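A.B. asks: Have a look at this one.
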Amino acid sequence: MSITVHTWPTPEEVGVAAADTIADLIEENPHAVIGLATGSTPIETYRLLAERHRHGLSFSQITTFNLDEYVGLSPEHPKSYHCYMDDHLFSQIDVDRSRTHIPKGDVEDVNLEGERFERKITNAEGVDIWLLGIGPNGHIAFNEPGCARDSRTRVVQLANETITANSRFFDSPDEVPRFAITAGIDTIMAADRILLLACGSNKAKAVAEAVTGPTSPDCPASFLQEHLDCTFLLDDSAASLLEP
Ligand code: PGA
């Protein structure tokens, strides 16, 4: 078992490769169950998928699951991942909203919400492919360094590095929520396929540790080495610390 790595010169080409992979899957299986991510990296992929929809690709039968949401933000909050998904993808395609699932961060009992989210994945008979990003500290979703390999959807505290990295989406670092509800490592590892996208030199160290380092909670993405079908799509900068 090892991670398959593909590299391209530019982030745009990474976006094309990811969008092609997802579009091919939907063409093959219109009922595909697709795991989605937020952050800046998949935006190009979503733009291209929306374009594919305008050229005839239907998303009407797919089911989606998102990795995470900030605790305390309502789905209507402009910085919530619910809003992000609406803006970048769901409002641009013919997806059936009742089959899009994002953990809710504004419920009374977030632990119960985690269990509910896991049950929905089970009811959908699992995820066919999960699209991921990676944090500069090696996190996947909000599974920060130190997380457990057998973790499932739960509430976590964000690492300081993540608060700093994500403050670019907020008016100030103080506004970044300190907690999130996130799919666990085990939730992600249960997907049939995993496609991780990374672009930029600030990801190079985390990518190198994930691909060639020891499997360790110090770099949560390194757990992906144990997956049977995991591919990293990288631009040259993100791949710069990997051996050619
Ligand atoms: P990014 O975030 O795509 O905005 O770089 C990725 C992540 O933190 O997982």
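A.B. asks: Sort Val207, Val16 from largest to smallest accessible area, using a 1.4 Å probe on the heavy atoms of the protein chains. Working shown, then result.
C.D. replies: Values: Val207 0, Val16 65 Å².
From most exposed to least exposed: Val16, Val207.
A.B. asks: Then there's this: Which is the longest stretch in the chain that no exposed loop site breaks, taking sites as GluC sites (Glu not before Pro) with a DSSP loop state and at most 14 other Cβ atoms within 10 Å?
C.D. replies: In short, 126-244.
A.B. asks: What net charge do the residues around Ala19 carry, taking every other residue with its C-beta under 14 Å from that of Ala19, with Lys and Arg at +1 and Asp and Glu at -1?
C.D. replies: -4
A.B. asks: Quantify, in whole percent, the carbon and sulfur part of the accessible surface of the range 134-198 (1.4 Å probe; protein heavy atoms only). Write out the running numbers ahead of the final one.
C.D. replies: Working: 1210 of 2590 Å².
Whole-percent figure for carbon plus sulfur exposure: 47.
A.B. asks: Based only on Cα atoms, what mean projected area does the convex hull of the range 95-142 have, in nm²?
C.D. replies: Seen from a random direction, the Cα hull of the range 95-142 projects 4.7 nm² on average.
A.B. asks: Right, another one. Excluding Ser60 itself, calculate the net charge of residues whose Cβ lies under 12 Å from the Cβ of Ser60, where each Lys or Arg counts +1 and each Asp or Glu counts -1.
C.D. replies: Net of charged neighbours comes to 0.
A.B. asks: Between the DSSP loop rule and a limit of at most 15 other Cβ atoms within 10 Å, which chymotrypsin sites (Phe, Trp or Tyr not before Pro) in the range 128-201 are left?
C.D. replies: Within the range 128-201, the qualifying chymotrypsin sites (Phe, Trp or Tyr not before Pro) (loop, at most 15 other Cβ atoms within 10 Å) are Phe170.
A.B. asks: Then there is this: If the viscosity is 1.002 mPa s and the temperature 20 °C, what Stokes-Einstein diffusion coefficient in µm²/s follows for the range 54-128 when Rh is the Kirkwood radius over Cα pairs?
C.D. replies: In µm²/s, the coefficient is 162.
A.B. asks: Hull surface divided by four, with the convex hull built on the Cα atoms of the chain: how many nm²? If you can, show how the numbers build up before the last one.
C.D. replies: On the way: hull surface 48.0 nm².
Taking a quarter of the hull surface, the average projection is 12.0 nm².
A.B. asks: Per residue, how large is the accessible surface of the chain? Use a 1.4 angstrom probe and give square angstrom.
C.D. replies: I get 44 Å² per residue for the chain.
A.B. asks: Using the Karplus curve 6.51 cos²θ - 1.76 cosθ + 1.60 with θ = phi - 60°, what ³J(HN,Hα) values do you get for each residue of the range 82-88, in whole Hz, with x for Gly and Pro?
C.D. replies: 4, 5, 4, 5, 4, 5, 8
A.B. asks: Where Lys and Arg each count +1 and Asp and Glu each count -1, what net charge lies around Thr153 among other residues with Cβ under 14 Å from its Cβ?
C.D. replies: Its environment carries a net charge of -2.
A.B. asks: So how much slack lies between Ala148 and Gln225, counting 0.36 nm per residue of separation and subtracting their Cα-Cα distance, in nm?
C.D. replies: Numbers: separation 77, 0.36 × 77 = 27.72 nm, distance 1.51 nm.
Stretched out fully, the Ala148 to Gln225 stretch lengthens by 26.2 nm.
A.B. asks: When only C-alpha pairs under 8 Å and at least 6 residues apart count, what is the relative contact order of the range 74-152, in percent? Intermediate values should be presented prior to the final figure.
C.D. replies: Numbers: 39 pairs, mean separation 13.1, N = 79.
About 17 percent, as a whole number.
A.B. asks: Tell me, what are the semi-axes, in whole angstrom and largest first, of the equivalent ellipsoid of the range 17-104 as set by the roots of 5 times the Cα gyration tensor eigenvalues?
C.D. replies: Here the semi-axes work out to 22, 13, 11 Å.
A.B. asks: Report the semi-axes of the equivalent ellipsoid for the range 127-197 in whole Å, largest first, where each axis is √(5λ) for an eigenvalue λ of the Cα gyration tensor.
C.D. replies: They are 23, 13, 10 Å, listed from largest to smallest.
A.B. asks: Pick from Pro220, Pro177, Pro78: which residue has the top mean-square fluctuation in a GNM of the chain where Cα pairs under 10 Å get a spring?
C.D. replies: Answer for the Gaussian network model of the chain: Pro78.
A.B. asks: Which value, in Å² and to the nearest 10, is the accessible area of Ile102 when all protein chains are kept and the probe is 1.4 Å?
C.D. replies: The accessible area comes out at roughly 20 Å².
The values are calculated or read from the model by the stated rules, or taken from the named source; none is laboratory data. Because the structure is a prediction, the values reported are computed rather than measured. Every residue, glycine as well, gets a Cβ built from its backbone with ideal geometry; the counts of neighbours run over all protein chains shown. Just the protein is used for accessible areas: all its heavy atoms, side chains included, with ligands, DNA and RNA removed. Shrake-Rupley method; radii C 1.70, N 1.55, O 1.52, S 1.80 Å.
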